[in-house]
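The values are calculated or read from the model by the stated rules, or taken from the named source; none is laboratory data. Predicted model only: the values in this text are computed from it and were never measured. Here the Cβ positions follow ideal geometry from the backbone for every residue, glycine too, while neighbour counts run over all protein chains shown. Note: areas computed on protein heavy atoms with side chains; ligands, DNA, RNA excluded. Shrake-Rupley method; radii C 1.70, N 1.55, O 1.52, S 1.80 Å.
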Amino acid sequence: MLWTRFLGLGALAVAVYALTPPGIPQDAIYAIVLLATVAAFVYRYFREPGPDKRTWKYMAVGVGSWGIGDALIAMVHVGGGRVSTFSSSDIFYLFGYLVIAVGFARAADENGLVFGIEELLECLVVAVGVGLATWVFVISDDAALSFPSALELWPATVYLTIDAFLLTLVGSLYLLTRSTTVPFLAATAGVVFLVSADFASYAAVTTSELYRSTLLNTLWLAAYVCFGVIALHIPERAVSRVDRSSPFKFGRVRFLGLTVAVAVTPLAMAVQLARGIPVQQWGWVIVGSSALVIALVGCRMRVS
């Protein structure tokens with residue numbers, strides 16, 4: 001099967017990449033895997049007869065945008081330059097993240113859209129909570145961080161917020177289908193690789209240059225391979241879903257996730273006050289996040 005060959009060759013490429021010294025050969029391996037992943041999405045787009053055709057278009061555009069960002073960074077490294085915290089490559093990364101998030105959210109099968117509005121709103125609530133926690137505990141962990149300096153690090157918060165959205169979407173997919181198919185396992189592994197690489201990279205954003213670590217790039221590369229497997233695995237029939245009798249019926253996992261996400265705001269306030277950090281430095285973040293969470297929860301409760 002095509003997806004098994006892609007997985008085998010992709011895993012081999014990832015292993016070779018991890019063992020190859022930094023330089024042009026390593027960059028070439030990275031580019032080949034990335035282009036192969038985009039090609040897999042394009043292939044699935046033309047092969048897909050059902051309503052999910054647009055998902056593969058989103059994925060191809062999103063990963064392709066990441067590829068442009070990777071190329072810009074490689075050019076800087078070849079020239080001996082240093083990648084700044086926010087550079088032109090981040091524009092393509094941010095665009096790619098947003099397009100891929102839309103692609104995941106708009107996934108469809110013969111039964112219609114996979115995710116209902118209630119699942120998407122719940123995932124957004126959790127994502128905003130993770131974004132706020134990222135800002136407080138990772139990005140602005142330094143009490144001396146000034147407001148202008150903090151603004152320079154906003155892309156890291158956006159990346160990890162979208163990562164959380166994708167991760168909760170995968171969790172929602174399991175709650176909807178209770179299935180562990182190859183595409184589900186590949187999606188889970190790909191998102192976990194992506195989240196792990198992003199968190200490890202931006203957790204040290206103020207002390208080390210980004211995109212220099214072979215380990216982190218290997219994780220991103222492994223995520224590309226997993227996403228390619230999703231595209232090339234064409235199921236014979238759609239996975240059945242768990243009956244949703246009411247959008248207001250919360251399971252324990254969903255209720256716990258929303259509770260933790262909403263509780264992040266007061267916890268973040270308590271932590272910042274305990275640190276003695278001036279309210280002027282973090283208050284606007286708390287207010288904005290709180291307003292967004294309240295709006296999302298309000299929308300969620302109005303869903304009928």
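For this structure, a couple of remarks:
- Spacing of the two label points (7 Å from each Cα toward its C-beta) at residue 213 and residue 178, in nm: 3.9 nm
- Residue separation of residue 9 and residue 291 scaled by 0.36 nm, minus their Cα-Cα distance, works out to 96.8 nm of gained length.
- The distance between label points at residue 158 and residue 263 comes to 3.1 nm (points 7 Å beyond Cα on the Cα→Cβ vector).
- Proximal charge balance of residue 46 [Cβ under 12 Å; K/R count +1, D/E count -1]: +3
- Within the shell defined by Cβ-Cβ distances under 13 Å, the residues around residue 99 carry a net charge of +3, with Lys and Arg each +1 and Asp and Glu each -1.
- Area of residue 290 that stays accessible when all protein chains are in place (1.4 Å probe, Å², to 10): 30 Å²
- Local net charge near residue 231, Cβ-Cβ under 14 Å (Lys/Arg +1, Asp/Glu -1): +4
- Using the Cβ-Cβ distance between residue 95 and residue 43 with R0 = 22 Å, the FRET efficiency computed as 1/(1 + (r/R0)^6) comes to roughly 0.45.
- Sites residue 31 and residue 113 - FRET efficiency at Förster radius 45 Å, r taken between beta-carbons, to 0.05: 0.85
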